[in-house]
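Data first, discussion second: the structure below is written as structure tokens.
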Amino acid sequence: MGDGSIPDSRISASSAWSDSTAAHHARLGRSDGDGAWCPAGPVFPAGDEFLEVDLGRLHLVTLVGTQGRDAGGQGREFAGAYGLRYSRDRHRWLHWRDRWGQQVIVGNEDPRGVVLKDLSPPLVARALRVYPRAPRAMSVCLRIELYGCPWDAGLVSYTAPQGQVMTFDPAPIVLNDSTYDGFSVGG
């Protein structure tokens, strides 16, 4: 996003506090406008405000960088946590989960620092939505960078039998693909 390869027209949001905190100001390291995207209202622990980036075509996204808003010392808003949803067709949106099934990603502790999150597993998406989270209703602002590369070819879907559970002490081992995001048949 920072290099301008994603035009402003492909960065949108559920809302914006003002024109100077519109979605296209959400580029990591930039300080134009008021320096970030800020939703119109407060963010909640499980709110529905989001910043959306349309990558234009499928990409393998491996890393996300986040930063808050400093606005020349006038702003102190940042996202301490966030969730991701992604889509390959801009119609079906899936929650990103790590290998342990967690959906919430730890974000920033201050408005200036950059926090990089290695997406394990990485995701294949055309569009990505970032949902900031807060421990209570509060103002949050966000700048992001997405790292990855175009996804030109490769496995998009597959069929496999359901995995089994192997008894192991102290915890059982589930022998299935916990990161599969396609359709499941049967039960």
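Worth a mention:
- The set of residues from the stretch 123-140 being among the hydrophobic types (A, V, I, L, M, F, W, C), assigned to a loop (DSSP other than H, G, I, E, B) and surrounded by 16 or more Cβ atoms within 10 Å (Cβ to Cβ) comprises 134, 140.
- Selection of the stretch 25-51 for residues being in contact with a helix residue (DSSP H, G or I) (Cβ under 7 Å, 6 or more places away or on another chain), buried (at least 21 other Cβ atoms within 10 Å of the Cβ) and over 13 Å from residue 132 (Cβ atoms) yields 34, 35.
- Any hit, the stretch 80-88, residues being assigned to a loop (DSSP other than H, G, I, E, B), closer than 30 Å to residue 153 by Cβ and at pLDDT 90 or above: yes
- Residue-level check: of (1) among the hydroxyl-bearing types (Ser, Thr, Tyr); (2) farther than 17 Å from residue 137 by Cα; (3) surrounded by 12 or more Cβ atoms within 10 Å (Cβ to Cβ), residue 120 misses just (3).
- Extreme residue, modelled with the lowest pLDDT, among residues of the stretch 23-51 that are assigned to a loop (DSSP other than H, G, I, E, B) and of a type in the set (A, V, I, L, M, F, W, C): 46
The values are calculated or read from the model by the stated rules, or taken from the named source; none is laboratory data. In this text, all values refer to a predicted model and were calculated from it rather than measured experimentally. Backbone-built Cβ (ideal geometry, glycine too); neighbour counts: all protein chains shown.
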